[in-house]
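Okay, structure first, notes after.
Coordinate-derived values only; no laboratory data. These numbers were taken from a predicted model, which means no experiment stands behind them. When we count neighbours, we look across all protein chains shown, and the Cβ atoms used for this are built from the backbone with ideal geometry, even at glycine.
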Amino acid sequence: MEFSNQTADSALQNVQCGNRIFVQGSAATPTVLLNALFKRKEEINNVELVSITTLGDNIFNQEALGNSFFVNSLFVSKNVRDAVNSEHGDYVPVFLSEIHLLFQKNILPIDVALIHVSPPDKHGFCSLGTSVDVSRSAIKNAKHVIAQVNTQMPRTHGDGIIHTSEINSIVEVNEPLFEVNYQNKIDETSLIIGKYCAELIEDGSTLQMGIGAIPDSVLSCLQNHKDLGVHTEMFSDGVIDLVEKGIINNKYKVKHRGKIITGFVIGTKKLYDFVDDNPQVAFLDISYVNDTNVIRANPKVVAINSAIEIDITGQVCSDSIGTYQYSGVGGQMDFIRGAALSEGGKPIIALKSTTKEGYSKIVPFLKEGAGVVTTRAHVHYVVIEYGVAYLFGKNLRQRAMALLNIAHPIHREWLEKEIIKRFGK
């Protein structure tokens, strides 16, 4: 199949009314293509945008979307929250490991895929770079593929190799990728939580801990550990130092020994340079990375995931604030279950004790309309800056007391009264 090198405006003329468009995400969000697409809002209508995490402030604002575009998000990132919680968008609850099935089974048939790749090599192969995740499946099942080819996109190893024959239109750009520095967001509370989590991690463990202040805090507390491995849906800059010091060497992994396995990365240019042409890191299709059977095959899998709130019986809400859709199911359940089934594995929910406004995140009942992402039957460890609660095997009252003991001190009297009200003295 031949492709044409076009301007973004001409390439986006291929989008028609009623199309469903897949948008590659994270650091690989193709903003040049999106901006050209939104210029056509007066010409086309009823166009659905499908994606997981995307970056870039004010890209999906109401002015850009108009009444022509509908954001049907598979994971709600900050820049689409307003749209998703309005008449101009919605959210599809789905495990990250199963998103590929929506494309393959034509539940969400893709008309056009907008992707962001490295320049082709001498054999005509480009790389999906920092974001392979669900993109490979979307490309395979799309009727038309438009690629933003960026000289600054790192060339990564794994499943993200795509030949130019699979691309219908190429738009050449030269611009830096989106950067997020999570290490700047580490505070004292995050560090305390990180230390508690680090104490649960044994030498030889395989880690999944995502991105954010708490995961990077955990990584910063692993300086005295040995022979750690990484099998995760995503990671950030915090991994680099541990790799360079030989602490992360993937020595004891069963799956892909010697390699870091991921679906995508978000971080700074230092991270993008680290993964560029690095055979230590394999970017694989998320349907494989997040497969519970693959995850559990590795030893001592420690999965650290966050939550918005948790009730006194252990039900975890991590995707919504009441009915307000804040994020998504993502890969939390894939890894919580995979870690639980791993020999010596430890599934961990880590969160601060209170919100920014001072409200307790340990609550008697989840907010009305809140989504339960991880059920109380799946929860083992809960880590807060005031300690660790182990819930596996405990009955409801025992769970409530364990969580009471690690709640913020100013909320313990209130929680205790609620526990007595529900379970008696």
Just to check I understand the Karplus step: with θ = phi - 60° and J = 6.51 cos²θ - 1.76 cosθ + 1.60, what whole-Hz values come out for the range 92-102, glycine and proline as x? 9, x, 7, 5, 4, 5, 10, 4, 4, 5, 5
Grab the Cα-Cα distance for residue 375 and residue 140, subtract it from 0.36 nm times how many residues apart they are, and report the gain in nm with one decimal. 81.2 nm
Sequence-distant residues sharing a close amide H with residue 374 (under 5 Å, placed H): 316, 318
What's the percent breakdown of Cα-Cα distances in the chain across 10 Å bins, shortest bin first? 5, 22, 31, 24, 13, 4, 1, 0
Using the Karplus curve 6.51 cos²θ - 1.76 cosθ + 1.60 with θ = phi - 60°, what ³J(HN,Hα) values do you get for each residue of the range 215-231, in whole Hz, with x for Gly and Pro? x, 5, 5, 4, 4, 5, 9, 10, 5, 9, 7, 9, 6, 8, x, 9, 9
Surpassing 18 Å at the alpha-carbon level, of the pairs 185/356; 78/195; 245/352; 300/346, are 78/195; 245/352
Fraction of beta bridges assigned by DSSP in the chain that are antiparallel (%, nearest 5): 20 percent
Can you give the three extents of the C-alpha atoms in the range 284-342 along their principal axes, from longest to shortest, in whole Å? 36, 27, 13
Once the piece of chain linking residue 39 and residue 86 is laid out straight, how much longer is it, given 0.36 nm per residue of separation minus the C-alpha distance between them? 14.8 nm
Which of the peptides 352-361, 117-126, 280-289, 206-215 is most tightly packed, and how do the rest follow, going by the mean number of other Cβ atoms within 10 Å of each residue? 206-215, 280-289, 117-126, 352-361
Looking at the range 341-425 only, what percent of DSSP beta bridges run antiparallel? Nearest 5 please. 60 percent
Going by amide H atoms built from the backbone, whose H comes under 5 Å of the H on residue 321, apart from near neighbours? 326
Karplus-derived 3J(HN,Hα) from phi for the range 398-403 (6.51 cos²θ - 1.76 cosθ + 1.60, θ = phi - 60°), whole Hz, x at Gly and Pro, runs 4, 4, 4, 5, 5, 6
Taking each pair of different alpha-carbon atoms in the range 183-423 once, compute 1/r for the pair, average those values, and report the inverse of that mean as the Kirkwood hydrodynamic radius in Å to one decimal. 18.1 Å
From the mean inverse distance of alpha carbon pairs (Kirkwood) and the Cα radius of gyration, derive Rg over Rh for the range 136-187. 1.10
What FRET efficiency do you get for residue 151 and residue 199 if R0 is 45 Å and r is their Cβ-Cβ distance, rounded to the nearest 0.05? 0.50
Report, in whole Å, the centroid distance computed from the Cα atoms of the range 51-124 and the range 18-43. 9 Å
Calculate the translational D of the range 29-147 in whole µm² s⁻¹ from Stokes-Einstein, where the hydrodynamic radius comes from the Kirkwood formula applied to all Cα pairs, the temperature is 25 °C and the viscosity 0.890 mPa s. 163 µm²/s
Cα-based helix-to-principal-axis angle, 409-423 vs the chain, degrees rounded to 10: 80 degrees
